[in-house]
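Just so it is clear, none of the values below were taken in a lab; they were calculated from the coordinates. If you're wondering where the values come from, they're calculated on a predicted model, not measured in any experiment. Using ideal geometry, Cβ is built from the backbone for each residue, glycine included, and neighbour counts are taken over all protein chains shown.
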Amino acid sequence: MRITAKGQVTIPRYVRERAGLKPGTDVEFEIEAGVVRLVKARAGGRRRTRGQKLVESLRGRGDFEMTTDEIVALMRGPFADQG
């Protein structure tokens, strides 16, 4: 079996049937000690996007205490209120 130029591979029918992989099934790849494993996605919704993972890793890391209004005022600059 070969990986295509697009990074695709066909999962043989007997493997799909035995694993219960039907069209539309979400799957994930796990890598451990050089072994790549294809598994059904965990229950609880869709996979997280790269952006969602980044936000989760940054959540709670802020080390300053400013309100949202203070941050917005700082970004707008000193002349924002002048018409």
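Some notes on this structure:
- The 3J(HN,Hα) values that the Karplus relation (6.51, -1.76, 1.60; θ = phi - 60°) gives for segment 18-30 are, in residue order, 5, 8, x, 8, 10, x, x, 5, 7, 10, 10, 10, 10 Hz. Gly and Pro appear as x.
- Neighbour cut-off at most 13 other Cβ (10 Å), DSSP loop, trypsin sites (Lys or Arg not before Pro), segment 1-34: Arg2, Lys6
- Each of Gly24, Met75, Tyr14 was placed along the dipole of the chain (beta-carbon charges, centred on the mean Cα), and the one lying farthest toward the positive end is Tyr14.
- When the convex hull of its Cα atoms is projected in every direction, mean area for the chain (nm²): 11.9
- Loop-located GluC sites (Glu not before Pro) across segment 10-66 with a Cβ neighbour count of 12 or fewer within 10 Å are Glu65, with loop assigned by DSSP.
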